[in-house]
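*Asks:* I am attaching a structure below and will ask some questions about it afterwards.
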């Protein structure tokens with residue numbers, strides 16, 4: 001399991017996503033889905049597996065279509081199983097899928113609005129909105145269920161997923177949408193968005209609310225971490241899919257988190273193509289292979305703050321490299337790029353000193369517990385050099401704590417201190433005489 005502390009820690013934490021990396025991220029997730037289905041295309045895999053019309057089939061196909069990827073969407077639409085209309089969310093998803101894949105407007109059943117749950121109001125409203133239908137009744141009922149803090153939940157609780165989902169129905173910049181976004185921001189800053197699906201819906205909802213998920217101060221933690229960073233650094237696995245909470249293992253990818261992550265990428269591309277939200281009535285079909293600025297990345301105020309405040313230590317070398325890369329990719333001001341270049345140069349010097357001391361440790365002072373009294377002079381010299389480093393860089397030194405402890409033990413041994421003091425005094429006298437002789441005095 002991972003720790004959500006990555007949102008609230010102090011180290012700069014951003015995953016740079018230029019267009020080429022965006023495309024690779026989406027393609028890898030689609031390829032993971034294909035492997036899972038054992039098929040060359042998603043449509044074929046879902047049809048053959050009897051899952052055309054299922055939630056996983058519909059979400060995956062919607063994401064693939066919105067990203068501008070090729071597939072037989074017409075065949076998938078033809079083979080879809082009818083929705084269970086007794087479940088409002090199923091009927092809504094089916095109507096959305098039919099419209100976005102083929103342009104077909106199917107009739108939605110009539111439901112008693114007062115008896116609908118919050119999630120049902122959201123999805124029925126989204127189904128009508130994306131198709132240009134009338135959804136005022138659903139919207140009014142949804143706004144009446146909004147909590148005092150702006151959030152939404154099934155039973156009056158504050159649920160991150162539902163609060164984010166509400167933004168696909170609430171009109172952007174309306175009072176209700178602003179309050180929901182503010183509540184979602186508080187959840188983000190408090191580390192309450194703690195699953196792949198919640199991070200994905202946070203991105204989808206923000207795009208619908210006309211809030212950039214990558215360049216909004218309200219959704220950038222103190223260390224710069226954004227919902228995108230959580231999605232890509234915590235939930236993206238080695239196999240290209242996404243996991244609910246586990247991180248990195250080849251076999252930890254799961255269908256639902258991967259589908260939701262793909263929808264988030266599609267929403268991001270849609271928003272940055274000039275459209276609205278993924279389920280908006282101004283839906284724009286994007287093409288990730290020709291469009292630029294897919295993630296809407298920028299060198300923003302958080303990046304500038306770190307560029308100015310970060311110390312050029314060896315420990316900060318990787319961060320400075322990433323900041324420099326972002327500065328070049330996204331067009332930071334010349335003075336910022338120059339500042340980063342200067343800091344990177346100094347950081348490189350500090351890194352070289354750390355590497356030199358580590359090489360010395362490997363060659364002469366390792367393993368620490370086997371260092372003899374004859375190495376005490378080298379230990380003291382090593383320690384003096386290490387003391388000139390920052391505390392962050394000292395943490396990069398091999399076995400530094402063990403070496404310090406061994407040094408103290410050796411000095412404390414009976415008779416060693418006196419003997420070394422006398423030897424050191426003799427050495428100083430010899431060095432002074434030598435310098436005097438060299439000067440001719």
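The values are calculated or read from the model by the stated rules, or taken from the named source; none is laboratory data. The model shown is predicted, which means the values in this text are computed figures rather than measured ones. Ideal geometry is used to build each Cβ from the backbone, glycine not excepted, and the neighbour counts take in all protein chains shown.
*Asks:* Does region 172-182 hold any residues that are out of contact with any helix residue (DSSP H, G or I) (no Cβ under 6 Å at 6 or more places or on another chain) and assigned to a helix (DSSP H, G or I), and which are they? Outline the logic, then answer.
*Replies:* Narrowing region 172-182 to residues out of contact with any helix residue (DSSP H, G or I) (no Cβ under 6 Å at 6 or more places or on another chain): 172-175, 177-179, 181-182.
Matches in region 172-182: 175, 177, 178, 179, 181, 182.
*Asks:* Evaluate the following for residue 25: is it out of contact with any helix residue (DSSP H, G or I) (no Cβ under 6 Å at 6 or more places or on another chain), modelled with pLDDT under 95 and either in the same structural domain as residue 235 (by TED's automatic domain parsing) or closer than 30 Å to residue 88 by Cβ (or both)?
*Replies:* No: the conditions fail for residue 25.
*Asks:* Among residues belonging to region 133-169 that are part of a loop (DSSP other than H, G, I, E, B) and out of contact with any helix residue (DSSP H, G or I) (no Cβ under 8 Å at 6 or more places or on another chain), point out the one that is nearest to residue 187 (Cα to Cα).
*Replies:* Filtering region 133-169 for residues that are part of a loop (DSSP other than H, G, I, E, B) and out of contact with any helix residue (DSSP H, G or I) (no Cβ under 8 Å at 6 or more places or on another chain), the one nearest to residue 187 (Cα to Cα) comes out as 159.
*Asks:* Taking region 198-210 as the region of interest, how many residues are assigned to a loop (DSSP other than H, G, I, E, B) and surrounded by 23 or more Cβ atoms within 10 Å (Cβ to Cβ)?
*Replies:* Qualifying residue count, region 198-210: 1.
*Asks:* Another question, if that's okay. Can you work out which of the residues in region 386-402 that are without any contact (Cβ under 8 Å) to a residue 40 or more places away in the chain and either surrounded by fewer than 15 Cβ atoms within 10 Å (Cβ to Cβ) or touching a strand residue (DSSP E or B) at 6+ places or on another chain (Cβ under 9 Å) (or both) is nearest to residue 310 (Cα to Cα)?
*Replies:* Applying the filter and picking the extreme gives 391.
*Asks:* May I pose another question? Can you pull out the residues in region 168-185 that are closer than 16 Å to residue 148 by Cα and either within 25 Å of the chain's Cα centre (by Cα) or not assigned by TED's automatic domain parsing to the domain that holds residue 143 (or both)?
*Replies:* Correct list: 177, 178, 179, 180, 181, 182, 183, 184, 185.
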